[in-house]
Amino acid sequence: MNSRICVLGSINMDMIIRVDKFPQTGETITGLSCELMPGGKGANQAIAVANMGVPVDLIGLLGNDEFGRILRDHLIAANVNINDVAQSKSSSGMAVVTVDGEGSNQIVVIPGSNALLRREIVDGYLTRQGSTVRYIISQFEVSPDLINYAFNKAKSLGAITVLNPSPLQPIPRELIEQTDMFIFNKSELAQVVALTNSIPSPNDALHMALRWRQEIGKKTVVVTLGENGLLAIHKDRIIKQPAQNIAHVIDTTGAGDCFCGSLVAFLHRGYPFDESLAFAQKAAAYSIQRRGASPSFPKFRTLVTNKMKGEMK
Ligand code: RIB
């Protein structure tokens, strides 16, 4: 397998604070614990890909601080190629993640060096890798302009572009055109299509996804629906899959990243689309039963017992 997946995205140090219940505005509460763990949507997605045994390159920017050094070592240990992860003069990205007793989270991200990522790094990478990049994935913790630039260039080299527009901000029209596959959660979909913050029912989500796809053309749209599973529109087929059975949710941090990276990795390995969705769901379900973002992601052998099953190359 010479071809590879590229992730263009953020690298953060997560400060994970556990509480029984989230505080109200103006309230002071006593937390249960506080831990530093590696995170950042880009780094998390790259690790999810690497865990599935697919060669993955991360394009990112670390800070010039102790966190930067720890995050770099973590990525190397996870088998992510970081030749195109540069170091800025500023501090590393950070996220303060509060997780309640039900495993739900609230996240505040301080972009730090992630906001300084520049076109030159993307240019250098794509010029070197050329058509070996089969998929490029990105998220909105780096600038949409930069993503648009990278997708445009990668597409001209034959890559398939995957956008996980999280944390959500308006998606520029040009970037919509450059994207082959969108991966949303249900509230992101509602905000993009219906400009509402209310959470849609699975049926409403399907109508929204169909409506949006009519506007944007024949692209793949995947929507994760939490306890209601997922839906996808792919090559004019509607696919619905129920959620995995989960005994106890510990921490949902990074589950969406685990889903995105695993999905693209299974597609890259040649698994059929529906089967790739199912494995990505399984991976995300595994992750929410453990603490932290990437440290909670499963390995390929944990998900697939017969390694050759479904592989085409
Ligand atoms: O998606 C989870 C991630 O969001 C965390 O790791 C945190 O760093 C924020 O980027």
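The values are calculated or read from the model by the stated rules, or taken from the named source; none is laboratory data. Given the structure is predicted, the values throughout are model-derived calculations rather than measurements. Positions of Cβ are backbone-derived with ideal geometry, glycine not excepted, and every protein chain shown enters the neighbour counts. Heads up: the accessible areas ignore ligands, DNA and RNA and are worked out on the full protein's heavy atoms, side chains in. Shrake-Rupley method; radii C 1.70, N 1.55, O 1.52, S 1.80 Å.
Quick notes
- Residue that is within 16 Å of the ligand (Cβ to nearest atom), in contact with a Cys (Cβ under 9 Å, 6 or more places away or on another chain), among the β-branched types (Val, Ile, Thr) and within 30 Å of ALA150 (Cα to Cα), where the choices are ILE47, ILE11, ILE17: ILE47
- Contacts under 6 angstrom Cβ, first residue in the stretch 91-108 being closer than 10 Å to VAL19 by Cα, partner away from the ligand (no atom under 12 Å from the Cβ) and of a type in the set (Asp, Glu), 6 or more apart: GLY101/ASP20
- Residues satisfying the stated conditions in the stretch 83-120, i.e. part of a strand (DSSP E or B), open to solvent by 70 Å² or more (accessible area, probe 1.4 Å) and under 22 Å from LEU168 (Cα atoms): GLN106, ILE107, VAL108, ILE110
- All told, GLY26 falls short of being in a loop (DSSP other than H, G, I, E, B), of a type outside the set (S, T, N, Q) and within 16 Å of the ligand (Cβ to nearest atom).
- Test: ASP251 is within 16 Å of the ligand (Cβ to nearest atom) and of a type outside the set (Ser, Thr, Tyr): yes
- Check on LEU157, in contact with an Asp or Glu (Cβ under 7 Å, 6 or more places away or on another chain) and surrounded by fewer than 19 Cβ atoms within 10 Å (Cβ to Cβ): no
- Number of positions in the stretch 109-154 that are of a type in the set (Lys, Arg) and without any contact (Cβ under 8 Å) to a residue 24 or more places away in the chain: 1
- Residue that is nearest to the ligand (Cβ to nearest atom), among those in the stretch 30-44 that are open to solvent by 60 Å² or more (accessible area, probe 1.4 Å) and outside any strand (DSSP E or B): LEU32
- Residue within the stretch 64-73 that is within 13 Å of the ligand (Cβ to nearest atom) and at positive phi present: no
- For beta carbons closer than 6 Å, sequence separation of 6+ or different chains, a first residue in the stretch 230-258 that is among the charged types (D, E, K, R) and a second that is open to solvent by 50 Å² or more (accessible area, probe 1.4 Å) and within 16 Å of the ligand (Cβ to nearest atom), the qualifying pairs are ASP251/ARG291.
- Residue match in the stretch 268-290 (condition: within 16 Å of the chain's Cα centre (by Cα), among the polar types (S, T, N, Q), within 21 Å of PRO202 (Cα to Cα) and more than 16 Å from the ligand (Cβ to nearest atom)): yes
- Some residue of the stretch 36-59 being farther than 30 Å from LEU267 by Cα and modelled with pLDDT of 95 or more: yes
- Test: ILE70 is surrounded by fewer than 17 Cβ atoms within 10 Å (Cβ to Cβ) and outside any loop (DSSP other than H, G, I, E, B): yes
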